[in-house]
Amino acid sequence: MRVQKLIIAASAILITCQTMAQTDQVVPPKYRKFAVYAGIGPSYFFNNVVTFKNAVNSFNYSFSARVMWEPQHSFLSLGFETGYYRLYTANGSRQSLEAHITNTAVPLQLVLSMKYSKHLYSDFSLGQSLLYNKVETTGYDGNFNARSASLSDFAVTMGYRFITKPRISYAVETKFFYSSLNEDATIALLFIVGFKL
């Protein structure tokens, strides 16, 4: 009778300990495969303009946004990138005519991203860009807007994530963008915020 009571008591203690151990276990957070990144920052245009070369303002701004598929336990991820790159602005005047020119690019590109460590990564983007050229004049000529497509553009990015939380990250990127249609190139310093969906 005593042995049976000891067996029952020992079994009850074991079951209680096991239940407590299971409740104390930390449940790992759910892995999220998709992430959104967006950032803005200053940019510099490598001036290749011939006609108004001295009137070109090479310092402007860029905006970048991408959606990424990031598989677990992989250092590669794929995604889609777009943005708004202000390539350059220019002011010119001739006799009574004054003109303000704005040239921008909107990329539509596929992205391959590679992680080198928890903080360091690089991106390579390839695809098309929509180019917008806007000319505003004071005088009799009026305003002109032109739009074209550049079919083989690319961008190369080096980034450093300095804060990484379970769903939010902050990073700084250096992005080089090249548009083949007019051989335009710009480099930007972007401040990025990332969010895992």
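Go through region 161-186 and count every residue that is of a type in the set (Val, Ile, Thr) and open to solvent by less than 60 Å² (accessible area, probe 1.4 Å). Total satisfying the criteria: 2.
Among the residues of region 167-197, those identified as in contact with a strand residue (DSSP E or B) (Cβ under 6 Å, 6 or more places away or on another chain) and of a type in the set (Asp, Glu) are GLU173, ASP184.
Residues in region 38-69 that are surrounded by 19 or more Cβ atoms within 10 Å (Cβ to Cβ) and closer than 28 Å to TYR170 by Cβ: GLY39, SER43, PHE45, ASN60, SER62, SER64, ARG66, MET68.
Does VAL135 qualify as being farther than 30 Å from LYS33 by Cβ, crowded, with 16+ Cβ neighbours inside 10 Å and touching an Asp or Glu at 6+ places or on another chain (Cβ under 9 Å)? Yes: the conditions hold for VAL135.
Residues that are over 21 Å from THR164 (Cβ atoms) and of a type in the set (Phe, Trp, Tyr) within region 105-127 comprise just one, PHE124.
Say whether the condition of being among the aliphatic types (A, V, I, L, M), part of a strand (DSSP E or B), over 17 Å from PRO42 (Cα atoms) and under 12 Å from the mean Cα position of the chain (by Cα) is met by at least one residue in region 112-120.
Going through region 112-120, the residues among the aliphatic types (A, V, I, L, M) turn out to be 112, 114, 120.
Okay, now just the ones that are also part of a strand (DSSP E or B), so 112, 114, 120.
Filter once more, so that each one left must be over 17 Å from PRO42 (Cα atoms): 112, 114, 120.
Restricting the remaining residues to those that are under 12 Å from the mean Cα position of the chain (by Cα) gives 112.
There is at least one residue in region 112-120 that is among the aliphatic types (A, V, I, L, M), part of a strand (DSSP E or B), over 17 Å from PRO42 (Cα atoms) and under 12 Å from the mean Cα position of the chain (by Cα).
Number of residues in region 95-107 that are open to solvent by 80 Å² or more (accessible area, probe 1.4 Å) and either modelled with pLDDT of 90 or more or of a type in the set (Phe, Trp, Tyr) (or both): the value is 0. Look at LEU110 and say whether it is surrounded by 17 or more Cβ atoms within 10 Å (Cβ to Cβ) and not polar (S, T, N, Q). No: the conditions fail for LEU110.
When region 57-89 is filtered for residues that are at pLDDT below 90 and assigned to a strand (DSSP E or B), nothing remains. Set side by side, the residues GLY194, GLY142 differ, and just one is of a type outside the set (D, E, K, R) and touching a Phe, Trp or Tyr at 6+ places or on another chain (Cβ under 8 Å), which is GLY194. Taking the conditions (1) at pLDDT 80 or above; (2) surrounded by 16 or more Cβ atoms within 10 Å (Cβ to Cβ); (3) in a strand (DSSP E or B) in turn, GLY92 satisfies each one other than (1).
If you go through region 143-155 one residue at a time, do you hit one that is free of Cβ contacts under 8 Å to residues at least 12 places away in the same chain and surrounded by fewer than 16 Cβ atoms within 10 Å (Cβ to Cβ)? Checked against the condition, which is being free of Cβ contacts under 8 Å to residues at least 12 places away in the same chain and surrounded by fewer than 16 Cβ atoms within 10 Å (Cβ to Cβ), region 143-155 yields at least one hit.
The values are calculated or read from the model by the stated rules, or taken from the named source; none is laboratory data. Bear in mind the structure is a predicted one, so any value in this text is a computation, not a measurement. Don't worry about glycine lacking a Cβ; one is built from the backbone with ideal geometry, like all the others, and counts go over all protein chains shown. Surface accessibility is based on the protein's heavy atoms, side chains included, excluding ligands, DNA and RNA. Shrake-Rupley method; radii C 1.70, N 1.55, O 1.52, S 1.80 Å.
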